[in-house]
Amino acid sequence: MQKIKTALLSYGMSGKVFHAPFLDIHPGFELLGSWERSKKLIQEDYPYVKSYASIEDLLADDVDLVIVNTPVGTHYEYAKKVLLAGKHAVVEKAFTTTVSEAEELAEIAKEKGLKLAVFQNRRWDSDFKTIQKIINDGVLGDLVEAEFHFDRYNPLLSPKAHKETANDGAGVLKDLGPHIIDQAISLFGSPKSVFGDIRITRENSLVDDWFDLSLIYDDLRVRLKAGFFVREANPAYTIHGKKGSFLKPRGDVQEDELKIGKKPNLESWGTEPEDLQGILHTEVDGKVIREKVPTLKGNYFSFFDGVFNSITNRTPEPVTAQDGVKVMQIIEAAIASNAQRTVINL
């Protein structure tokens with residue numbers, strides 16, 4: 001099997017938790033190392049890899065694929081350097097800070113014949129995969145409304161300066177927002193218009209930490225919410241159709257298990273506790289049912305498998321640059337809507 005030589009642009013939480021473990025176990029990738037600015041940590045976990053002193057050193061090496069997992073405000077600059085150096089790229093969310101930046105990166109990749117994927121790993125969460133199956137099975141009938149939450153209870157400001165300093169990449173809309181916006185467009189496509197309400201709720205915060213977005217389709221309304229003052233969780237997913245409803249709490253275990261050092265495997269990985277199963281209340285063949293639905297397994301490995309296939313077999317990326325553009329269009333529209341207090345047509 002061809003090995004795709006891969007390097008990270010940082011080895012903080014995302015590099016250590018979301019990328020390196022999967023690159024290490026996937027037989028199609030060779031983890032070469034990471035750019036590390038101050039702390040040199042990657043070799044403690046992977047003694048056989050390199051710690052690059054600069055992005056120039058990294059790009060000068062025999063690298064095929066670069067993971068751009070730096071703060072959002074740097075994504076455009078670094079991804080552009082990576083693509084212009086002739087390397088394939090995976091860029092974390094939010095893809096960029098503006099639609100124009102996203103479109104430019106997509107065009108550069110296309111012109112150079114390179115693969116450019118957006119790391120929207122939450123498409124492979126156990127809860128979202130289950131929601132996707134319920135909708136695809138048609139057991140709810142024609143959909144009327146959906147509501148997705150990515151809520152937390154965390155009134156304290158982040159110690160990471162780039163997350164709490166007013167800049168184009170900061171704020172919950174560009175942090176948690178891309179997860180549920182991408183999930184919505186992967187299920188329903190791009191909406192016709194957007195209404196956005198964006199707030200600051202934490203004391204001394206300089207960046208948005210609450211949002212409520214309405215995505216408006218012809219016959220469907222999708223509401224997306226996130227905030228830091230939700231001590232008692234709402235269902236993460238609520239779907240109502242003309243036949244029935246499905247409610248599902250957030251339950252994916254992958255991030256928590258990766259954070260405590262568990263290694264991904266392909267047998268039991270991503271298995272949710274049974275008490276977090278969703279409730280299906282609908283009508284099937286004239287009979288009303290209300291029952292718990294077994295949750296599908298989550299697996300971020302599938303994203304990396306998709307990246308491998310896209311490079312080696314020239315298949316589409318698992319999350320394309322155009323997907324990233326669509327997310328940025330909704331974010332940009334939400335910001336304009338909030339400022340103008342009106343619905344923005346896409």
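Run down 287, 259, 326 and say which single residue is more than 26 Å from residue 20 (Cα to Cα), of a type in the set (Lys, Arg) and under 18 Å from the mean Cα position of the chain (by Cα). It would help to see each step written out before you state the result.
Values: 287 fails: under 18 Å from the mean Cα position of the chain (by Cα); 259 fails: more than 26 Å from residue 20 (Cα to Cα).
Unique residue meeting the criteria: 326.
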Please return the ranges of helices (runs of 4 or more DSSP H) entirely within region 158-236 where 2 or more residues are hydrophobic (A, V, I, L, M, F, W, C).
172-175, 177-188
Do you know which of the residues in region 52-86 that are over 20 Å from residue 101 (Cα atoms) and in a loop (DSSP other than H, G, I, E, B) is nearest to the chain's Cα centre (by Cα)?
64
Here is a list: 80, 93, 87, 115. Which entry is open to solvent by 20 Å² or more (accessible area, probe 1.4 Å) and under 20 Å from residue 180 (Cβ atoms)?
93
Scope region 225-249; condition touching a Phe, Trp or Tyr at 6+ places or on another chain (Cβ under 8 Å) and open to solvent by 70 Å² or more (accessible area, probe 1.4 Å); matching residues:
229, 231
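So which of 103, 147 is out of contact with any Cys (no Cβ under 9 Å at 6 or more places or on another chain), open to solvent by 10 Å² or more (accessible area, probe 1.4 Å), assigned to a helix (DSSP H, G or I) and not small (Gly, Ala, Ser)?
Details: 147 fails: assigned to a helix (DSSP H, G or I).
Exactly one of 103, 147 is out of contact with any Cys (no Cβ under 9 Å at 6 or more places or on another chain), open to solvent by 10 Å² or more (accessible area, probe 1.4 Å), assigned to a helix (DSSP H, G or I) and not small (Gly, Ala, Ser), namely 103.
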Cβ pairs under 6 Å, 6+ apart or interchain, first in region 39-52 and closer than 14 Å to residue 17 by Cβ, second basic (Lys, Arg) and in a strand (DSSP E or B), ordered by first then second residue, are none
On the given criteria, is residue 51 over 26 Å from residue 309 (Cβ atoms), open to solvent by 20 Å² or more (accessible area, probe 1.4 Å) and in contact with a strand residue (DSSP E or B) (Cβ under 7 Å, 6 or more places away or on another chain)?
yes
Checking residue 261 against (1) on the phi < 0 side of the Ramachandran plot; (2) not in a strand (DSSP E or B); (3) not basic (Lys, Arg), only one condition comes out false. Which one?
(1)
Conditions (1) over 30 Å from residue 97 (Cα atoms); (2) touching a strand residue (DSSP E or B) at 6+ places or on another chain (Cβ under 9 Å) -> residue 262 fails only (2)
Could you run through region 120-132 and say how many residues are more than 18 Å from residue 269 (Cβ to Cβ) and either under 14 Å from the mean Cα position of the chain (by Cα) or not aliphatic (A, V, I, L, M) (or both)?
2
When every residue in region 161-201 that is among the charged types (D, E, K, R) and open to solvent by 10 Å² or more (accessible area, probe 1.4 Å) is compared, the one farthest from residue 70 (Cα to Cα) is 192
Please identify the pairs in which a residue from region 76-103 that is at positive phi has its Cβ atom under 8 Å from the Cβ atom of a residue that is at pLDDT 95 or above, counting only partners at least 6 apart or on another chain.
86/112; 86/114
Among the residues listed as 272, 267, the single one being surrounded by fewer than 12 Cβ atoms within 10 Å (Cβ to Cβ) and either modelled with pLDDT of 95 or more or over 20 Å from the mean Cα position of the chain (by Cα) (or both):
267
Filter region 276-307 down to residues that are out of contact with any strand residue (DSSP E or B) (no Cβ under 8 Å at 6 or more places or on another chain) and of a type in the set (Lys, Arg) and give me whichever is surrounded by the fewest Cβ atoms within 10 Å (Cβ to Cβ).
287
Report, by residue number, each residue of region 14-30 that is open to solvent by less than 40 Å² (accessible area, probe 1.4 Å) and either farther than 18 Å from residue 91 by Cβ or over 22 Å from the mean Cα position of the chain (by Cα) (or both).
21, 26, 28
How many of the residues making up region 38-48 are surrounded by 15 or more Cβ atoms within 10 Å (Cβ to Cβ) and over 19 Å from residue 260 (Cβ atoms)?
1
Within region 255-275, track down each residue that is touching a residue at least 60 places away in the same chain (Cβ under 8 Å) and under 18 Å from residue 128 (Cα atoms).
255, 270, 271, 272
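The values are calculated or read from the model by the stated rules, or taken from the named source; none is laboratory data. None of these values were measured; they are calculated from a predicted model. Note that each Cβ is placed from the backbone with ideal geometry, even for glycine, and that neighbours are counted across all protein chains shown. Keep in mind that these areas ignore ligands, DNA and RNA; they rest on the heavy atoms of the full protein, side chains included. Shrake-Rupley method; radii C 1.70, N 1.55, O 1.52, S 1.80 Å.
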